[in-house]
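The values are calculated or read from the model by the stated rules, or taken from the named source; none is laboratory data. Worth saying up front: this structure is predicted, and the values here are computed from it rather than measured. Cβ sites come from the backbone with ideal geometry, for glycine too, and all protein chains shown count toward neighbours.
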Amino acid sequence: MVYSSFKQGTVLSKSGRNHTVDVTLMPKIDLHRHFEGSLRLSTLLEIAREFELDLPVGDLEDLRPYVQVTDDPPDHELFL
């Protein structure tokens, strides 16, 4: 296996002893998150209303085309 050297790691316990652990069994965190796709439309609308932010429309389904990409843009600049 290519990544076998990364499966085991050494941790230092409170007692000062080193322990070998299988890092694949340890909990992970998400260090890289994109905003798109991580927020419900209803939450977006609630936040906008709470902070009195202007949106182009006030209805969930009318808002969807403004925030949801349904086709593959030809390049990164057009996506943004």
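Can you tell me which residue in the range 5-32 is modelled with the highest pLDDT, limited to those that are outside any loop (DSSP other than H, G, I, E, B) and surrounded by 10 or more Cβ atoms within 10 Å (Cβ to Cβ)?
Here the answer is Thr24.
If you go through the range 60-76, how many residues are charged (D, E, K, R) and within 21 Å of the chain's Cα centre (by Cα)? Explain how you work it out, then say what you get.
So the first thing to find is which residues in the range 60-76 are charged (D, E, K, R), and the list is 61-62, 64, 71-72, 75.
Next, from what is left, pick out any that are within 21 Å of the chain's Cα centre (by Cα): 64, 71-72.
Of the residues in the range 60-76, 3 are charged (D, E, K, R) and within 21 Å of the chain's Cα centre (by Cα).
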